[in-house]
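One structure is given here, and the rest of the page talks about it.
The values are calculated or read from the model by the stated rules, or taken from the named source; none is laboratory data. The structure presented is a predicted model; accordingly, all values stated were derived computationally and were not measured. Neighbour counts are summed over all protein chains in view; Cβ atoms, including those assigned to glycine, are modelled from backbone coordinates with ideal geometry. These area figures cover heavy atoms from the full protein model, side chains too; ligands, DNA and RNA do not enter into them. Shrake-Rupley method; radii C 1.70, N 1.55, O 1.52, S 1.80 Å.
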Amino acid sequence: MSRHSDDHYWILETQTSAYVFGLNQHGRLVHAYWGPRLPRRSDYPPPPDPPGLSSFDPADTCTPEEYPAAGGTRYGEPCLKVSFPDGARSTDLRFISARQDDDTQGWVITLRDAVYPLWVELHYRIHSQLDLIERWVVLRNTGPHPVTVERVFSAVWHLPRFETGCRLSHLAGRWADEFRLVREPVYDGTKIIESRRGTTSHQASPWFAVDSGCAAEDSGPVWFGTLAWSGSWKICAEQPPRAAPRISLGINDWDFALQLSPGERYAAPPCLAGYTPGGFGAASRALHHFIRARLPHAGAAHKILYNSWEATLFDVDEASQKQLAEIAAGLGVELFVLDDGWFRGRRSDSAGLGDWQPDPLKFPTGLGGLAGYVNQLGMDFGLWIEPEMVNPNSDLYRAHPDWVLHYPQRPRTEARNQLVLNFARADVQEYMIETIDRLLNSAPIAFIKWDMNRNFSEPGWPAAGERQREIWLRYVEGLYRVWGELAHRHPQVTWQSCSGGGGRADLAVLRLADQIWTSDNTEATARLRIQEGFSQLFPAAVMEAWVTDMGAPLIPLEFRFHAAMCGSLGLGGNLLHWTGAERETARRLIAQYKDIRAVIQSGDQYRLRSAQENAFSALQYTAPDGSEAVLFAFRTFLPEPAEIPVLHLRGLDPGALYLVDGFSQPRSGLAWMLDGLHLELGNFCSTLRRIYKIED
Ligand code: DGJ
C-alpha cells in the first residue's frame, strides 16, 4: 500500500490497483484513474480538465468531479444537493485542504462552498491486501442558519471509457426470489436501482459490478462496489453520451431532506469498491474476505441449527418443541431456535407483535423450561423476535398508538396485519432496548433471529415537525442503536438478520449480525440460484440455509442437504415425519458438514458453473492455505442424452498433488485445474467431493 501526494495529486495504491485524483487547472477536484497499479507514478494520467463541447455540453458537465454537487451547469447526477436559507439551491465546492489519516491509511480532503459555510470532507481508506477502497463523506454546517440537504451520496465511482460499452451487473428480485443476478448494458442515460422501502429490500441490493461486457467468472477487469446501509438506498449508473460511465450511490434521496442546524455534522454511510483483473469471482472473494474479517464473531464456526418454522408455523409450545429438540439433538444439531408464535397472544400473524413475553398457555414456565431442556440435550437455545413491529391487536399498540410511523389524518396501512414502530424516536428505542434486554436475561438465549416482515408506509413522524423527512435516516440509526446496545449488553448472543428472508442483507447489518437468513424460499433448486446471487456479495459463512421438506420427494434429501451445506447449514423440516432412513442420512451429512465447515465458512469460494441458466452447476470451496477443498455439483433436470461438462477446479496449489474423492489417481493441482474432471450425475442428483492435498 502506498499513498502519495504532490502538487495536489493523490495516488491511492493497493497491492495491485490504483485510484488517483487531483486538482485540475481550474482548481476542481477531479478523478484521474482507477485500474491496475502501474509501475511508475508518472504513468498515471494528469487530472482531466475537459473544455466542454458546446454551451449545451459545458465543461462542468464533462468534468469527472470527485464529488459533484448540484450547481452551475452540471447536468449529471450530483452527489450533493443542498438548499440554503436564502433560497439558493446550488452548491459550489472548492478545495480547501488535504491531510493524511493514519487511522484509515488514506486521506481526508476538505472542500467548502465558495460562499456558504458548508464543509464537505471526503474520506478515503485503503484496504491494500484486498485491493479495496472505502469512501464516505462528512458534511458540516458552521454557519448561523440551518441548511437543507436534499441528497448526500457517499461517493461517485468514475470508470474508464469502455470501447465495447459498459455492462452493469446487479441483483434484482422479490420476496422468496431474491438476489437474481442481472447483467445488462448501460445505454446512454441513467439506470437507477434502489430501495424506497426503508430497508435494504428483496427487490434490489446495494451492490454493483461493472465491466466492458467481456469479463467472465475467472477473468477480465471488473470494477465493483457496495454501500454499507440498511435503509433506503440508490445507485445511479450513468452513461453520458460518448464519455466515461460512472456509478454514484448513497442513501436514497426520495422523500428525503436532512436539516443541518448550525454547528451540526452528518457522516454518510461508507461505501466500498474495488478493481480486479480476475473476473467476477475475484471481485466476490475480495468482498467475502472483507466481510468475514469484520463479522461480530469473526472466525467462529457457525453452529448447525434447527428451526421448526416451516414445519409448525405458529403452532409452538413447550411440549412439542421439546419433542423436536430431542430428535434434532440426536441428529447432531447444535442450536435449537424457537421461531415466531411463542409470545403473548400469538396464534397467527394477526396479534401479539410488541408484547415480548412468553405466552403463558404455550410456555407455562416461561422460556427457561424449554431453553434449559435444550441445553441439557447439549444444544444452544435461540429465539425469533421482530422488535420493530407491532400488531394493532397488542397491548403495546393499545398503550402507544402514536409510536408507529403514521400521518395523523391518514389510515395506517397494515401489511401482514402489522405496523412499523418508529425506531427514530428515542422513547421507542429505550423501550425496546429494555424490553429485549429483559427477555435476554430471562433465559439462556445464545442466538437471536431478528426479523422484519414489512416495509414502510405512511412514513410520518409527527413529533419531528419540519425534520420529518429525516425518518429514512433516523429510523436506521435508531435500529443500529437498539441492536448495537443489545449486542453490547449480551456479547454471548449470535444475531441473525432476517427480513422475510433476505430483505435486510447489507454490509452494515453484518457489523451487528453474523448471519443473514437468505430467503424464505427453501426449495433447493431455487435456492441454488438465489444462493449464487447472494454469493456475489456475501460469503458462505453468513448465508444461513435450511434443509426443509420443500420439493420432496422429487428433490432427494441428500440434494437438499448439499444445497444447504454450501452455506451455514440449518435444518427446517418436520423431523417428526422424517423416516428412520432419512434421519440416518441427516446424521451422516451433519457429521460430514462438521468436518468440512471450516473450509466452507472460511475458505475461498469458486463458482465453477453457474446455476442461473444451467441445469448442471458446481461450486468449490478451498481452504485459505490450499491444503483441502470441497466440491459440490448439482444436476436438476437435463433431458437425455445429457452431456455433463468437464469441471475445472480452482484455487489449488498447481505443483502439489491432490486426491479427489471418487478418483483413484492423485493429480497435480494444475492437472485438476486445466484438464479438469468429469462427474456422472442423474437428474435431481448431487454430489459432494472432498479434495485433499497429499503432497506439496
Ligand atoms: C419470516 C422469516 O423469514 C421466516 O423464516 C419466519 O421467521 C417468519 N418470518 C415468522 O413470522
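Evaluated over the Cα positions of the range 362-486, the convex hull gives a direction-averaged projected area, one quarter of its surface, of 8.5 nm². Taking only the alpha carbons of the range 266-425, we obtain Rg and Dmax values of 20.7, 60 Å in that order. Among the trypsin sites (Lys or Arg not before Pro) in the range 132-210, those located in a DSSP loop and surrounded by at most 14 other Cβ atoms within 10 Å of their own Cβ are Arg161, Arg174. Strictly greater than 18 Å: what percent of every Cα pair in the range 475-557 meets that? Percentage above 18 Å: 48.
The Asn441 and His488 beta-carbon pair, evaluated with R₀ = 22 Å, returns a calculated FRET efficiency of approximately 0.95. In the range 601-662, the ratio of gyration radius to Kirkwood radius, Rg to Rh, stands at 1.02 when only Cα atoms are counted. Among the GluC sites (Glu not before Pro) in the range 351-453, those placed in a DSSP loop whose Cβ has at most 16 other Cβ atoms within 10 Å are Glu414.
Once the gyration tensor of the Cα atoms in the range 72-162 is diagonalised, the equivalent ellipsoid follows with semi-axes of 26, 17, 10 Å, ordered largest first.
Potential lengthening of the chain between Glu477 and Asp255 amounts to 78.2 nm, from the contour at 0.36 nm per residue minus the alpha-carbon distance.
In this structure the range 416-490 gives 35 Å² per residue of accessible area when probed at 1.4 Å with all protein chains present.
On the basis of the beta-carbon distance and an R0 of 35 Å, Arg412 and Gln25 show a calculated FRET efficiency of 0.05.
Principal axis extents of the Cα atoms in the range 1-100, from largest to smallest and rounded to whole angstrom, are 48, 31, 21. Each Lys and Arg contributes +1 and each Asp and Glu -1, all at the Cβ; summed about the Cα centre of the range 1-127, the dipole is approximately 100 debye. Per the Kirkwood treatment, what hydrodynamic radius in Å, one decimal, follows for the range 171-232 from the mean inverse distance over all distinct Cα pairs? One decimal place: 13.0 Å for the Kirkwood radius. A cut-off of 5 Å between modelled amide H atoms, ignoring neighbours fewer than 5 places along the same chain, links Gly220 with Gly279.
Taking every C-alpha pair closer than 8 Å and separated by at least 6 residues, the mean separation divided by the residue count of the chain gives a relative contact order of 10 percent.
For Gln105 and Ser219, the FRET efficiency from 1/(1 + (r/R0)^6), where r spans their Cβ atoms and R0 equals 25 Å, is about 0.30.
The GluC sites (Glu not before Pro) of the range 599-696 that meet both conditions, a loop assignment by DSSP and at most 10 other Cβ atoms within 10 Å of the site Cβ, are Glu613, Glu643, Glu680. The slack in the chain from Val182 to Asp661, taken as 0.36 nm per residue of separation less the alpha-carbon distance, amounts to 169.0 nm.
For the chain, the spherically averaged projection of the C-alpha convex hull amounts to 32.2 nm².
The residues of the range 656-696 expose, per residue, 50 Å² of accessible area to a 1.4 Å probe. Converting the Cα gyration tensor eigenvalues of the range 109-254 into ellipsoid dimensions via √(5λ) gives semi-axes, longest first, of 29, 20, 15 Å.
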